[in-house]
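The values are calculated or read from the model by the stated rules, or taken from the named source; none is laboratory data. In this text, all values refer to a predicted model and were calculated from it rather than measured experimentally. Backbone-built Cβ (ideal geometry, glycine too); neighbour counts: all protein chains shown.
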Amino acid sequence: MRLSKRGAVEPFHAMDVLAEATKRRAAGRPVISMAVGQPVHSAPQVALQAARAALDHGRIGYTDALGLLSLRRAIAGFYRARHGIEIDPGRIAITTGSSAGFNLAFLALFDAGDRVAIARPGYPAYRNILAALGIETVEIEVNAENGFTLTPEALEKAAADHGRIHGVLLASPANPTGTVTRRENLAALSGYCRNNDIAFISDEIYHGLTFVGEEATALSFGEDAVVINSFSKYYCMTGWRIGWMVLPAALVRSVERIAQSLYISAPELSQIAAEAALGAAGELDVHRDAYRRNRDLLAERLPVLGFTVASPMDGAFYAYVNVARFTNDSMDFARRMLAEIDVAATPGLDFDPGDGHHALRFSYAGSHEEMNEAVDRIAAWLR
Ligand SMILES: Cc1ncc(COP(=O)(O)O)c(C=O)c1O
């Protein structure tokens, strides 16, 4: 059968490890999964209650392509309360997870052959979605020298090396590095993009999970950024597949048209639950404080094992570690770790096709006891 070149994207290795871990768990193995970035907690109680009430009511249908107006208004209220910013709910689009938001943003902003700059190491789906859409990715290495984030200087150099850059995509807090980009850096990046007619996409999915530094939204620096966010991480709602975008006014109709045909709408049940979840900070902050304890535990114990923590761990819920002391093939290392001690982590190749062969990412969104147990098992294994 003839297959498209678009489908030949890299696998998302973390999902492959998840599938193997799920298989082992089903076979009764005591698997501790630190491979995939998802909280162990359930969605907030108020979200579950709202969803139950909606189910009792019975009729779950399509919504407007841009989502329920009440949810879009509630999200505008979130920006007012959290960031002191007034957003017209008409600029907010509800999406099927932030993943659909990337699709919509890329389709509405770029044509095939355009170039988009992203950080390396970075979230692999950016690269894979861009590749599937025929958009060129320009990967910029982030490291201790540039504060593990993108800078105007790095973008200037990338444009000189590769040609005009049409878009920049940055996550803060970032996956897998945990970098929280400083407010002044974000402002500089946003200004640089505006002055050079570059679309700036800010992935704010890990907002609410900042442990060191200040959490700024790109919306503070103008209405031209495309902000993408989600209920998956802080709100513990990965499986509900629900996220949102804040769009420049000029992009709204374009996104709406594409969304109508690609998705019709995000699931109504999830939209109802998400609206309730916006009011659940009390419950969710307890989980965030638990991640902070996990973070401190890993920051202390992983280096003792010889796993050098390779980046800041200031936000999100990941420890990205260098395992060069033990292997040059992190994929094989991750496979053996799962097969021999039932601890699942993600090989760095997902995040960094260049240097990822000696890196591993541990997600610490699990229980504290499990984190401790995982480190104990690894310590015994390495001995
Ligand atoms: C940086 C980043 N952006 C986006 C996503 C996708 O999340 P979702 O589609 O569940 O909103 C993830 C998931 O791990 C992520 O790490």
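Remarks
- When LEU69 is tested against (1) surrounded by 12 or more Cβ atoms within 10 Å (Cβ to Cβ); (2) not assigned by TED's automatic domain parsing to the domain that holds ILE264, only condition (2) is not met.
- Test: residue in the range 93-107 that is away from the ligand (no atom under 15 Å from the Cβ) and free of Cβ contacts under 8 Å to residues at least 40 places away in the same chain: no
- Candidates are the residues of the range 238-254 that are within 13 Å of GLY97 (Cα to Cα) and assigned to a strand (DSSP E or B); the one that is nearest to the ligand (Cβ to nearest atom) is GLY243.
- Only one entry in ARG288, ARG335 is part of a helix (DSSP H, G or I) and under 27 Å from ASN229 (Cα atoms), namely ARG288.
- Qualifying residue in the range 255-264 (condition: surrounded by fewer than 21 Cβ atoms within 10 Å (Cβ to Cβ), within 20 Å of the chain's Cα centre (by Cα), at pLDDT 95 or above and within 16 Å of the ligand (Cβ to nearest atom)): no
- Filtered residue count, the range 165-179, keeping only those that are in contact with a Leu (Cβ under 7 Å, 6 or more places away or on another chain) and either surrounded by fewer than 24 Cβ atoms within 10 Å (Cβ to Cβ) or in the same structural domain as ALA299 (by TED's automatic domain parsing) (or both): 2
- Unmet requirement for GLU145, which otherwise passes all of (1) at pLDDT 95 or above; (2) more than 16 Å from the chain's Cα centre (by Cα); (3) of a type in the set (Asp, Glu): (1)
- For the range 1-30, the tally of residues that are within 23 Å of GLY178 (Cβ to Cβ) and part of a loop (DSSP other than H, G, I, E, B) stands at 2.
- Condition met for ARG325 (free of Cβ contacts under 8 Å to residues at least 24 places away in the same chain and either outside any helix (DSSP H, G or I) or crowded, with 22+ Cβ neighbours inside 10 Å (or both)): yes
- One residue from PHE317, PHE307 being crowded, with 23+ Cβ neighbours inside 10 Å, away from the ligand (no atom under 16 Å from the Cβ) and under 25 Å from VAL212 (Cβ atoms): PHE307
- Taking the criterion of being among the β-branched types (Val, Ile, Thr) and either more than 14 Å from the ligand (Cβ to nearest atom) or more than 16 Å from the chain's Cα centre (by Cα) (or both), the residues of the range 211-235 that qualify are VAL212, THR217.
- Positions within the range 52-84 being among the β-branched types (Val, Ile, Thr) and within 25 Å of the chain's Cα centre (by Cα), in sequence order: ILE75
- Considered as a group, the residues in the range 31-70 that are in a helix (DSSP H, G or I) and charged (D, E, K, R) include one that is nearest to the ligand (Cβ to nearest atom), and that residue is ARG52.
- Among the residues of the range 302-314, none qualifies, meaning not one is among the hydroxyl-bearing types (Ser, Thr, Tyr) and modelled with pLDDT of 95 or more.
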